[in-house]
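The values are calculated or read from the model by the stated rules, or taken from the named source; none is laboratory data. Not measured: the values here are computed from a predicted model. All Cβ positions, even for glycine, are placed from backbone atoms using ideal geometry, and neighbour counts span all protein chains on display. Heavy atoms of the whole protein, side chains included, go into the accessibility calculation; ligands, DNA and RNA do not. Shrake-Rupley method; radii C 1.70, N 1.55, O 1.52, S 1.80 Å.
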Amino acid sequence: MAKINENYLQLKSSYLFSEIAKRIKEFESKNSTQKLIKMGIGDVTEPLPEACMQALHAATDEMGKRESFKGYGPEQGYSFLRELIAANDFKNISPSISPDEIFVSDGSKCDTGNLQELFSLDSVVGIPDPVYPVYLDSNVMAGRAGNFSDGSYNKIKYLNTSLETGFLPNPPSEKLDLVYLCSPNNPTGAVFTKERLKAWVDYARQNKAIILFDAAYFAFIQDENLPKSIYEIEGANEVAIEFRSFSKTAGFTGTRCAYTIIPKECFGFSENGEKHSLHSLWLRRQSTKFNGVSYPIQKAAAAVYSEEGKQQVAKLIAGYMKNAQIIREELTKKGLKCVGGDNAPYIWVETGTDSWQFFDMLLNKASVVCTPGVGFGKCGEGYIRFSAFNSRENVEEAMTRISRLEF
Ligand code: PLP
């Protein structure tokens, strides 16, 4: 008898997006005239940069010729890409990040979801609330979350956030073994300052904990004083793993390429207290379960670091950040308190009502769709998330409609 992994039965179904889809369907069946504008989606809308397209075509042609054909690539990623990442994205970091500490993958979703495999099942895991759901669900699947009742899992340490904490968590008084941090944050758009991130690095060093730092949106940071990488903080290379992605930076959500940094100084511990290199464990894991990202896609990602690529990516980001500014300004004018949108593509908005009530109001009165904050965790109740990933035309039209509303 094939018995299942019963931890999967502990998963709560993703009610959020199915409920949004249901409400949109109902709305559309009754209202066919006004175009619906979806401002809730966390997917990019603009096409790949031209430099990436050219590299993708050229690399695909190479695959069609005997002399340049490539079979399996290195599991950790081609060195041409890892060298470019180290030289460009971590150029002012000390101690430096070497290409050997970079693992290229097909997405930060897989990496943030899979990395917990390296840690013991009795690890105490800190998860911010609200949160990108992958961190929680992957720990539920592994059996680390315990039982679900009253809206939470009894073995997870929820790190509650609020307007007072700037919608980012502070280190708790109790001991955690693993903690997920996301900056710039999805869903709240908030970004850690160096001081706040240092508090986490110090906490992790004191507690021999590991920080799983999701920097998928680092490219949206505009303020030079904010840290783009956790390795800007002294000592972080001993306690932090960082995830980055080309998805939002360069429009790779459908193309798939990302990378994870595991410094060689980063250790976990076995039962007997012996130190073990997390880099070695992850290399072993990846070479067993992963066969790398395709050569053409890695070539396309490498083109992000060419002169033209850098300019085209900067233009893409500037376009989305202008959208974010328009959204933030309009909502602020309407008297709504906003977090994010200045260094992140998400705007987190206090509604003054419950999340779903505000969602319904925007849908019914403006034909605009947002994401109810409560779908990302209990602390998201009373908030909604707007995404800046959209065409300018849609953003302007949505904001014009909202400006006419009375609430
Ligand atoms: N991390 C965060 C915080 C995200 O919001 C997302 C995607 O929305 C991801 C990771 C996934 O990125 P990728 O497309 O590289 O899998």
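Which residue out of Gly382, Gly319, Gly377, Gly341 is surrounded by fewer than 21 Cβ atoms within 10 Å (Cβ to Cβ) and at positive phi?
Values: Gly319 fails: at positive phi; Gly377 fails: surrounded by fewer than 21 Cβ atoms within 10 Å (Cβ to Cβ); Gly341 fails: surrounded by fewer than 21 Cβ atoms within 10 Å (Cβ to Cβ).
It is Gly382.
Regarding the stretch 26-35, can at least one residue be identified that is away from the ligand (no atom under 16 Å from the Cβ), among the acidic types (Asp, Glu) and in a helix (DSSP H, G or I)?
Residues of the stretch 26-35 away from the ligand (no atom under 16 Å from the Cβ): 26-35.
This time we only want the ones that are among the acidic types (Asp, Glu), so: 26, 28.
Okay, now just the ones that are also in a helix (DSSP H, G or I), so 26, 28.
Checked the stretch 26-35: at least one residue is away from the ligand (no atom under 16 Å from the Cβ), among the acidic types (Asp, Glu) and in a helix (DSSP H, G or I).
If I filter the stretch 248-257 for residues that are touching a Ser or Thr at 6+ places or on another chain (Cβ under 6 Å) and either among the aromatic types (Phe, Trp, Tyr) or within 11 Å of the ligand (Cβ to nearest atom) (or both), do I get at least one hit? Scanning the stretch 248-257, I find at least one residue that is touching a Ser or Thr at 6+ places or on another chain (Cβ under 6 Å) and either among the aromatic types (Phe, Trp, Tyr) or within 11 Å of the ligand (Cβ to nearest atom) (or both), so the answer is yes. Of the residues making up the stretch 282-341, just one is touching a Cys at 6+ places or on another chain (Cβ under 7 Å) and assigned to a loop (DSSP other than H, G, I, E, B), namely Val293.
Among Ile241, Ile233, Ile297, which is the only one that is more than 16 Å from the ligand (Cβ to nearest atom), at pLDDT 95 or above, open to solvent by less than 50 Å² (accessible area, probe 1.4 Å) and β-branched (Val, Ile, Thr)? Walk me through how you get there before you give the answer.
Numbers: Ile241 fails: more than 16 Å from the ligand (Cβ to nearest atom); Ile297 fails: more than 16 Å from the ligand (Cβ to nearest atom).
After ruling out the rest, the residue left standing is Ile233.
One line per residue, one yes/no per condition, for (1) more than 16 Å from the ligand (Cβ to nearest atom); (2) at pLDDT below 95; (3) crowded, with 18+ Cβ neighbours inside 10 Å:
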position: Tyr158; (1), (2), (3): yes, no, yes
position: Pro171; (1), (2), (3): yes, no, yes
position: Ser183; (1), (2), (3): no, no, yes
position: Asn186; (1), (2), (3): no, no, yes
position: Asn207; (1), (2), (3): yes, no, no
position: Ala219; (1), (2), (3): no, no, yes
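For the condition more than 16 Å from the ligand (Cβ to nearest atom) and in a helix (DSSP H, G or I), Glu195 qualifies. Restricting attention to the stretch 345-365, the residues that are outside any helix (DSSP H, G or I), closer than 30 Å to Asp223 by Cβ and not aromatic (Phe, Trp, Tyr) add up to 6. Could you look through the stretch 32-72, keep only residues that are open to solvent by less than 50 Å² (accessible area, probe 1.4 Å) and touching a strand residue (DSSP E or B) at 6+ places or on another chain (Cβ under 9 Å), and pick out the one that is nearest to Gly251 (Cα to Cα)? Ranking the qualifying residues of the stretch 32-72, first place goes to Gly42. For the stretch 137-179, the set of residues classified as of a type in the set (Asp, Glu) and part of a helix (DSSP H, G or I) consists of Asp137 only. Considering Gln76, Gln116, the condition of being away from the ligand (no atom under 16 Å from the Cβ) and of a type outside the set (Phe, Trp, Tyr) is satisfied by Gln76 alone. The C-beta contact set for the stretch 73-98 (first residue under 17 Å from Thr249 (Cα atoms) and assigned by TED's automatic domain parsing to the domain that holds Met63, second residue of a type in the set (D, E, K, R) and surrounded by fewer than 19 Cβ atoms within 10 Å (Cβ to Cβ), distance under 9 angstrom, 6+ apart or interchain) comprises Arg82/Asp100; Ala86/Asp100; Asn88/Lys310.
Selection of the stretch 248-272 for residues being in a loop (DSSP other than H, G, I, E, B) and open to solvent by 50 Å² or more (accessible area, probe 1.4 Å) yields Gly254, Arg256, Lys264, Glu265, Glu271, Asn272. With the condition kept exactly as written, say whether any residue in the stretch 135-154 is touching a strand residue (DSSP E or B) at 6+ places or on another chain (Cβ under 8 Å), closer than 19 Å to Ile230 by Cα and either of a type in the set (Phe, Trp, Tyr) or open to solvent by less than 60 Å² (accessible area, probe 1.4 Å) (or both). Yes, that holds for at least one residue. Selection over the stretch 97-110 of residues that are near the ligand (Cβ under 8 Å from one of its atoms) and assigned to a helix (DSSP H, G or I) gives a count of 3.
For first residues located in the stretch 205-224 and closer than 20 Å to Asn170 by Cβ and hydrophobic (A, V, I, L, M, F, W, C), partners that are open to solvent by 20 Å² or more (accessible area, probe 1.4 Å) and within 16 Å of the ligand (Cβ to nearest atom) and lie 6+ apart or on another chain with Cβ distances below 9 Å form the pairs Ala215/Lys228. Every condition in (1) closer than 18 Å to Lys38 by Cβ; (2) under 21 Å from the mean Cα position of the chain (by Cα) holds for Ile402 except the one numbered (2).
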